[in-house]
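FYI, it's all coordinate maths here, none of it is from the lab. If you're wondering where the values come from, they're calculated on a predicted model, not measured in any experiment. Reconstructed Cβ throughout: ideal geometry from the backbone, glycine too, with neighbour counts over all protein chains shown.
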Amino acid sequence: MSAIDPGCTVARYLALRLAELGITHLFGVPGNHLGPFLTTLRAEGDIEWVGTPTEGGAGQAADAYARVHGVGAAAVTYSVGAFNLLNACGGAYVERVPLIAVNASPPYEQWQNYRALGLLTSHMSPRPESNLDVYRQVTVDAQVVSNPGLAPGQIDAALTACLTERRPVYLEVMEDLWDEPCPGPGAPIVPRERPFSARNQRMLDQAVQAVLALVEEHPGPDGRPRPIVWAGEEIDRFRLGERLTDLVAATGVPFCTTVGAKAVVDEDLPQFHGVYNGGASHPDVHGVFKDWATCRIGLGAWSTSKNLGGEQCVGDDWVMAANGGVGVGTSYFPDVQLEQLLPALQDVLVKAYGSGGLSADYYAESYAHHGSPDDRPAALEHHRAALRAGASRPTRRAEGRRLTYDGVFDRINHFLNHDTGEDWTVVSDAAFSLIGSMNLSLPAGGFLSQVSWLSIGWSVGAAAGAALAPEREYARPMVFVGDGAFQETCQEFSTHTRLGIRSVVFVMDNGHFYGVEQMLVHPEYYAGRDAADPDFYNVLHPWHYDRLADVFAGRHTPANGVTVTHTADLDDLLDRLTDPADPVNAGPLLVRVRLHRHDYPRAMAYKVPKEKEHG
């Protein structure tokens with residue numbers, strides 16, 4: 001570390017380090033404590049400040065930016081801003097997203113006044129550690145910077161932890177330190193991965209042999225092994241998509257993904273057979289994963305309630321490799337890293353069964369067929385083949401045909417799998433939007449969702465972060481969000497408008513109520529269209545969502561809003577999205593999708609008792 005240099009200040013040091021990590025945009029809500037840092041940030045010129053309407057929205061944007069780019073950052077002001085950012089930071093912690101939370105606090109002088117006189121100024125708490133204490137619960141490193149000489153070491157330690165653990169960190173910097181001189185940056189910030197020792201090699205070998213034994217101990221009726229891989233979130237977080245692709249290509253083993261790992265690799269791979277989500281899976285995917293396969297190999301998959309879709313546990317014919325260890329049946333092998341496991345597993349399976357030896361054609365087998373070919377999920381091979389052959393869009397309905405969740409996503413899937421003239425990033429919110437979108441067929445990197453924390457409204461702020469990440473800067477966000485979720489974060493659509501992000505935000509308006517909450521508490525409501533009213537606490541105040549576009553639009557920042565109710569409306573809108581000259585493509589587009597209150601995605605049918613036919 002170099003000596004103290006008047007040319008480097010705490011603010012400049014942090015700005016230089018963030019730029020070094022490749023961060024191009026910093027999201028947040030300013031305040032007087034943060035002002036000096038933002039002034040320095042602008043003077044440096046490497047990072048653009050993106051002021052958002054809310055701190056929560058800033059955190060959502062930084063979260064999505066980090067999922068795409070590898071690390072993201074948000075900056076807020078003490079207490080009132082930091083506590084608003086906390087929810088997003090909690091989600092990033094749970095879902096292993098490297099997010100840097102910068103919290104500008106009152107100056108050192110004011111803290112000294114409080115200690116001496118009990119004087120509280122704006123945003124201060126009688127507990128000086130209040131902000132630090134809460135962020136310690138949702139970060140892997142939390143620092144309070146109160147001495148400029150120590151600032152470089154504290155900043156470097158936090159950023160190193162962020163990259164190493166792939167989880168959030170917290171930097172609280174006192175206002176009067178920003179312009180104080182400090183040593184300049186030294187060696188680059190790099191992750192400090194766990195060393196791979198001889199002991200690790202032995203444990204890895206044991207784990208791989210245990211997986212091979214599990215495969216051999218569970219043959220199918222023909223005596224051949226029938227494993228299936230369940231690729232999960234850590235494949236994305238640790239950037240292991242290429243190694244997963246190598247594994248399935250070399251062995252031929254079929255694979256599904258979790259919802260959270262959807263599109264972690266190209267879904268056009270012949271070995272890919274859909275998203276497995278427990279009871280919410282498409283029947284063909286569920287049948288292949290649970291009935292055809294004789295053992296399941298989870299690679300980076302988390303056993304969360306959302307991923308297991310109503311199931312409470314995995315069985316003794318499962319492998320679960322995540323969180324730094326590998327469970328094989330009832331055995332556990334600690335300190336086995338996914339990065340080493342994938343190539344080692346590839347080698348042992350190819351050696352045992354030959355190149356492509358685990359390939360399987362199970363579509364001809366009757367137990368995998370739970371519906372007509374037209375009902376199978378978009379990701380399955382036969383449907384991809386039809387798309388490549390130029391299959392026509394879903395039949396245009398009569399003007400009076402109301403849209404349904406499944407009807408919307410069937411048409412969207414067709415749209416995304418034909419030449420629209422643009423790339424798209426699907427950003428899905430929680431609940432019915434997530435369930436409905438999970439069977440879209442998408443390229444690698446084309447899907448983002450928050451599937452464990454499930455903070456409703458996440459998608460609206462996240463779309464801005466996804467659009468600004470360098471890796472997806474030429475892709476348009478396509479957002480699916482419920483009406484209740486949109487009411488939580490609608491103002492983040494303002495950021496789309498301000499920045500000219502040409503997002504398309506589909507607000508799934510199912511009669512102004514929390515549909516998924518009704519499904520979780522009283523699914524009997526969905527058993528028929530003549531059911532009683534929903535529970536009172538699930539009813540929302542109705543909004544004209546499409547009209548909000550006029551609220552957020554400016555003279556030089558266009559935004560549009562439309563309503564679609566019938567299939568013909570959606571078909572016409574999708575046609576317009578392919579026309580660069582159409583005004584709806586000049587800026588963000590807010591689409592109110594009007595659905596019947598009793599409608600729900602067919603994937604949720606397993607929760608409905610004695611389900612009756614519904615549109």
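Summary of computed values
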read-out	value
Straight-distance crosslink candidates among lysines, where the alpha carbon sits under 26 Å from LYS607 and sequence neighbours closer than 8 are dropped	LYS262, LYS290, LYS306
Between region 292-311 and region 76-97, the alpha-carbon center distance in angstrom	29
Cβ crowding within 10 Å averaged over residues, with 471-484, 272-285, 580-593 ranked highest first	272-285, 471-484, 580-593
Three semi-axes of the equivalent ellipsoid, the chain, Cα gyration tensor, whole Å, largest first	41, 33, 21
Peptides 63-76, 515-528 ordered by average Cβ neighbours within 10 Å, highest first	63-76, 515-528
For region 498-570 versus region 110-185, the gap between their alpha-carbon centres in whole angstrom	41
Anisotropy class of region 455-610 from Cα gyration tensor, a/c 1.5 cut	prolate
More than 30 angstrom apart: percent of Cα pairs within region 4-182	10
DSSP-defined antiparallel bridges as percent of all bridges, region 4-182, nearest 5	10
Taking the chain and dividing mean pair separation by its residue count, relative contact order in percent (alpha carbons under 8 Å, at least six apart)	13
Cα-based equivalent ellipsoid of region 287-358: semi-axis lengths in Å, sorted from largest, via gyration tensor	21, 17, 10
Whether region 198-366 is rounded, prolate or oblate, judged on the alpha carbon gyration tensor where a/c under 1.5 counts as rounded	rounded
Full-extension gain in nm, HIS556 to ASP575, via 0.36 nm per residue minus C-alpha separation	4.3 nm
Region 147-282 - percent relative contact order, Cα under 8 Å, separation 6 or more	16
Region 392-607: relative contact order as a whole-number percent, Cα under 8 Å and 6+ apart	26
Within straight-line cross-link reach of LYS351, aspartates and glutamates at Cα separation under 18 Å, skipping those fewer than 8 residues along the same chain	ASP205, GLU216, GLU217, ASP246
Relative pair counts by distance (%), Cα atoms of region 299-338, 5 Å bins	6, 26, 28, 25, 12, 3
Nonlocal amide H pairs with PHE447, under 5 Å, H built at 1.01 Å	VAL426
Among 242-255, 340-353, the order from most to least packed when residues are scored by Cβ within 10 Å on average	242-255, 340-353
